[in-house]
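K.L.:
Below is a structure I'd like to ask you about.
Every number here is computed from the coordinates shown, using simple stated rules; none is lab data. Just so it is clear, the structure is predicted and the values come from calculations on it, not from any experiment. Glycine gets a Cβ as well: all are built from the backbone with ideal geometry, and neighbour counts include every protein chain shown.
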Amino acid sequence: MTKPILFMAVAVLAGYFAVILAYLIVTFVITSLMPTFVMQKGRFTSAYTTLHALLWAVCGFAGGYVATVLSPVNKSYQTFLPAGILLLTVSYIVFTNTGQLNRSRIGQTLLAALGIAGGTALCLAL
């Protein structure tokens, strides 16, 4: 009984690390290569705000895929459980993080959730 729970926890953590690692790498690369695209006159540009929201979808896609690949498949519902837990976790973190861009918190949360669902669907389709 504890083995599937352990595997689910590992799948959720691996998916979460995939989301955050992809997000950090892409954010740092964009910021270092195009600093004027990110900020002008001490404010985030509208183009970067849009890209930032879409970035959560791409990173969520990666995390959903990883969580689904690593999920235990003893029962049919266990395939979706790690991705569902990841979806709730990332959505909560993105929505409640005060450091996020305030104007688009709901959009970022929805795009992250759609990305996780898309990554899960792709993994199950392959």
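K.L.:
Per residue of the chain, what 222 nm ellipticity follows from adding -39500 (n - 2.57) for every DSSP H run with n ≥ 4, rounded to the nearest 500?
P.N.:
-26500 deg cm²/dmol
K.L.:
Take the chain, mark every one of the trypsin sites (Lys or Arg not before Pro) that falls in a DSSP loop and has at most 10 other Cβ within 10 Å, then report the longest stretch left between them, sites excluded.
P.N.:
Longest gap between qualifying sites, sites excluded: 76-126.
K.L.:
For a protection proxy built on the mean count of beta-carbon atoms within 10 angstrom, sort 44-50, 2-8, 57-63 highest first, please.
P.N.:
Taking the mean over residues of other Cβ atoms within 10 Å, the ranking is 57-63, 44-50, 2-8.
K.L.:
Computed over the Cα atoms of the range 11-54, what is the convex hull's projected area averaged over all directions, in nm²?
P.N.:
3.3
K.L.:
Could you give the length gained by full extension between Leu88 and Thr31, i.e. 0.36 nm per residue of separation minus their alpha carbon distance, to one decimal place?
P.N.:
17.7 nm
K.L.:
Right, another one. Pop the C-beta distance of Arg43 and Val10 into the FRET formula with R0 = 41 Å and round what comes out to the nearest 0.05.
P.N.:
Taking R0 as 41 Å, the efficiency between Arg43 and Val10 is 0.50.
K.L.:
Another question, if that's okay. Divide the volume of the convex hull of the Cα atoms of the chain by its number of residues and quote the answer in cubic angstrom per residue.
P.N.:
That works out to 97 Å³ per residue.
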